[in-house]
Amino acid sequence: MKYLDEYRDHRIARALAVEIGQRVTRPWVLMEICGGQTHTIMRYGIDELLPRSLELVHGPGCPVCVTPLETIDKAIELALRPDVMLVSYGDMLRVPGSRSDLFRAKAQGADVRIAYSSMEAVRLARANPDRKVVFLAIGFETTAPANAMAAWQAKRDVLTNFSMLVSHVLVPPAIRALMVSRENRVQAFIAPGHVCTVMGCAEYESLVRDFRVPIVVGGFEPVDLLEAVLMLVRQLEAGEAKLENQYVRSVSYAGNVPAQQIMAEVFEVADQKWRGIGSIPESGLRLRDEYAAYDANRVFDLAVISVEEPAECISAQVLQGLKKPTDCPAFGMRCTPENPLGAPMVSAEGACAAYYHYRRHAVAS
Ligand code: SF4
């Protein structure tokens, strides 16, 4: 298949791994930001092809994993109201809140629906004028344009029974927060290709400049990731720090300008809490005042709440590349995809789920 087979070709992958091995002369720590990239690395054993001195750690780019506990709790509270229909992506249903999850709320009789797009939620609102339809709008810059479009469409249609519980996060401020952390070990980043398809590359320039850190925008297939690693290794070994784009078949420097425009029309940048990590300045999106009628927080006058993460879950350290999922004492024992203690074990992009599906043997043996 064009644009797929050549990026999974084992001969090309092995040749890249050999070149990486020849170029690495000292230990380096690289982080892939996106959970989709983490799953490819685990699934194809890419880390096992690399020299031992080259460590890949996994970043906070799993949208389900970083959605705050408080947002899950609010979604459950709304879902349990008799006049509300809560619409969510399927991944979110099993994500634990502080006391329950949406799946259990649904079992208790809450009207929880799974949607594959935000526009499906708009259609549900149109078809059910007697229900208050709330869409759980989470994710990175990748999903933000579609969610912005849903709010824009609802406003244009003067829908009065549609709102969104928004928890959108932005990648560059998270990289900045990682770089200023005193615990940081990461020396170079593979930036997330899907996010950059929307946002372009320009906003990563200041990170490269401010921290002298190499960043390569990378794709999601094995050859993409090995190529991105090689580009980073070349820079690191040469003492350089540049922004490069490996994922040129999808990402342009400017990105998808119409998508950025609809985001800017509907959302504004705000401080955002990341699950387990805490609040990061200007790292999220909230609905603008012009869209207040579509903001579930304001429509339902939801209180600002603050809840603690379960002490046993070390997902905050996993999401910052400080620990691997297999370092967690609960991994594969008390925490499994069927009975998750933390979000990274639930999500299709979660690092703990990736290790569970592809590396469980490493713990069992
Ligand atoms: S294995 Fe489970 S408990 Fe441990 S960090 Fe991952 S999600 Fe949290």
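Computed with a 1.4 Å probe on the full set of protein chains, the accessible area for E282 sits at about 120 Å². The slack in the chain from T326 to I114, taken as 0.36 nm per residue of separation less the alpha-carbon distance, amounts to 73.2 nm. What the Cβ-Cβ distance of E237 and S98 gives, at R0 = 51 Å and to the nearest 0.05, is a FRET efficiency of 0.65. Of the listed residues Y294, Y7, Y116, the order by accessible area with a 1.4 Å probe, largest first, is Y116, Y7, Y294.
Scalar couplings 3J(HN,Hα) for the range 182-189, obtained by applying the Karplus form with A = 6.51, B = -1.76, C = 1.60 to θ = phi - 60°, are 5, 8, 4, 10, 7, 10, 6, 10 Hz; x denotes Gly and Pro. Against the main long axis of the alpha-carbon atoms of the chain, helix 351-364 sits at an angle near 50°. If you place +1 on the Cβ of every Lys and Arg and -1 on the Cβ of every Asp and Glu, how big does the dipole about the Cα centre of the range 61-165 come out, in debye to the nearest 20? With Lys and Arg at +1 and Asp and Glu at -1, about 220 debye. Here the gap between Q22 and R209, fully extended at 0.36 nm per residue and compared with their Cα-Cα distance, gives a gain of 64.5 nm. Put simply, the amide H of W274, placed in the peptide plane, has neighbours under 5 Å in S279, I280, leaving out anything fewer than 5 places away on its chain. To the nearest ten degrees, helix 171-180 and the longest principal axis of the Cα atoms of the chain are 60 degrees apart.
Within the chain, antiparallel bridges make up roughly 20 percent of the DSSP beta bridges whose residues both belong there. Measuring from label point to label point, each 7 Å out along Cα→Cβ, what is the E48 to L4 span in nm? Between E48 and L4, the label points sit 2.4 nm apart.
For E32, the amide hydrogen comes within under 5 Å of the amide hydrogens of V57, G59, I190, counting only partners 5 or more places away or on other chains and with H modelled in the peptide plane. Placing pseudo-labels 7 Å out from each Cα toward the beta carbon at R14 and H357 gives an inter-label distance of 2.6 nm.
Rounded to the nearest 500 deg cm²/dmol, what is the calculated helix-only ellipticity per residue at 222 nm for the chain, with -39500 (n - 2.57) per DSSP H run of length n ≥ 4?
-11500 deg cm²/dmol
Solvent-accessible surface (1.4 Å probe) assigned to T160 amounts to roughly 130 Å². In the range 3-122, what percent of the accessible surface is made up of carbon and sulfur (1.4 Å probe, ligands and nucleic acids excluded)? Summing carbon and sulfur atoms, their accessible area is 51 percent of the total for the range 3-122.
Give the ranking of D224, D91, D130 by solvent-accessible surface, highest area first, calculated with a 1.4 Å probe. Don't jump to the answer; show the numbers that get you there.
On the way: D224 0, D91 60, D130 120 Å².
From most exposed to least exposed: D130, D91, D224.
By the rule of a second cysteine Cβ within less than 4.7 angstrom, the chain holds isolated cysteines at C34, C196, C201, C313, C328, C335, C352. Once both labels are positioned 7 Å from their Cα atoms along Cα-to-Cβ, the gap between M333 and R156 label points is 5.5 nm.
Averaged per residue, the chain has 44 square angstrom of accessible surface, using a 1.4 angstrom probe with ligands and nucleic acids left out. Fully extending the segment from A202 to R288 would add 28.5 nm, taking 0.36 nm per residue of separation and subtracting the current Cα-Cα distance.
Mean sequence separation of contacting Cα pairs (under 8 Å, at least six apart), scaled by the length of the chain, corresponds to a relative contact order of 22 percent. Shape analysis of the range 1-64 places it in the oblate category; the axes a ≥ b ≥ c from the Cα gyration tensor give an a/c of at least 1.5, with a/b not above b/c.
If one takes the longest principal axis of the Cα atoms in the chain, at what angle in degrees, from 0 to 90 and to the nearest 10, does the Cα axis of helix 144-156 lie? Tilt relative to the chain: about 20 degrees. The charge dipole of the chain, taken about its Cα centre with unit charges on the Cβ atoms of Lys, Arg (+1), Asp and Glu (-1) only, comes to about 500 debye.
Ordered from highest to lowest accessible area with the whole protein assembly present and a 1.4 Å probe, W152, W274 read as W152, W274. Taking amide hydrogens as placed 1.01 Å from N in the peptide plane, the amide H of M85 sits under 5 Å from those of K132, V133, V134, each at least 5 positions away in sequence or on another chain.
The values are calculated or read from the model by the stated rules, or taken from the named source; none is laboratory data. Please read all numbers here as calculations on a predicted model, not as lab measurements. Don't worry about glycine lacking a Cβ; one is built from the backbone with ideal geometry, like all the others, and counts go over all protein chains shown. Surface areas here come from the heavy atoms of the whole protein model, side chains and all, with no ligands, DNA or RNA. Shrake-Rupley method; radii C 1.70, N 1.55, O 1.52, S 1.80 Å.
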